[in-house]
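Below you'll find the structure, written out as structure tokens, and then a few comments.
Derivation of every value follows stated rules applied to the coordinates shown; laboratory data play no part. Bear in mind the structure is a predicted one, so any value in this text is a computation, not a measurement. Cβ: placed from backbone, ideal geometry, glycine included. Neighbour counts: every protein chain shown.
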Amino acid sequence: MNIGLFGYGKMGKEIETVAKQRHHSVSAIADVDTKFDDVKASFQNCDAIIDFSIADAVPAHARFAGELRKPIVIGTTGWQNKMDEVRRLVDESGIAAVVASNFSLGVNLFISTVEKAAKLFGQFDAFDCAVLEQHHNQKADAPSGTALTIGEAVIKNFPGKKRLLTGVPEGKISKEDLQVNSIRVGSEYGTHSVFFDSENDRIELTHVSRGRRGFALGAVIAAEWAVGKKGFFKFSEVLSQL
């Protein structure tokens, strides 16, 4: 199929490589300075659009995809506060959108593992829980969207945790707060850890990314799936159907 890209940085180029490996073509590209009118014709010939751009641009990209009646895969992070607007644009246009804070197959399976672990350890008052993520020092958002997704997965399954607490706390934290903290260092691709801790032991679940290829593969798989679909989907829903 023909794929259109919003964002042609490191991730965009990785997606292009994976798409070609899976016998697709990248036939349209828009980057930060591109005007929609200049690329509308090339995107019209696409079967699906993949967006790894910037958070502020996501609603405009969803509107553009809707106008062209093209499914869109959104891998950009930091736009959660615009989720309702984007969902409305997708529903009104009748296209499909697949969204995720992280399109890595391994990360999504890791989150499923965390959900199961949280249910187990959350049965016992003896255990506390926290989330820690590490990324390169050029990452724009903190905590990462993946860390927030992991935190939400814990809260849904660990009865003792009610709220996400990000950043450095001022003094003692409430037992009901789930601390989600960040480290920014060097060229770290991404490491996410979940700790279940008691007076007697600690259990640590960790996912370590080895590069961008895994994110790109998941995004291309999502684009393949989205063609011919309608609705607003999380990538975890796509994986369950696959």
Long-range Cα-Cα pairs in the stretch 1-121 (distance over 19 Å), rounded percent: 49 percent
At most 16 other Cβ within 10 Å, DSSP loop - chymotrypsin sites (Phe, Trp or Tyr not before Pro), the stretch 136-235: Tyr189
Calculated log₁₀ intensity ratio I(q)/I(0) where the Debye formula runs over C-alpha points of the chain, q = 0.10, 0.11, 0.14 Å⁻¹: -0.50, -0.59, -0.91
Cα long-axis angle, helix 58-68 against the chain (0 to 90 degrees, to the nearest 10): 40 degrees
Degrees separating the helix 83-93 axis from the principal Cα axis of the chain, which is the longest one: 30 degrees
Nearest-ten-degree value, helix 10-21 long axis tilted from longest Cα axis of the chain: 70 degrees
Reciprocal of mean inverse Cα separation for the stretch 105-208 (Kirkwood radius, Å): 13.9 Å
Candidates per trypsin sites (Lys or Arg not before Pro) in the stretch 57-115, loop by DSSP, up to 16 other Cβ within 10 Å: Arg69
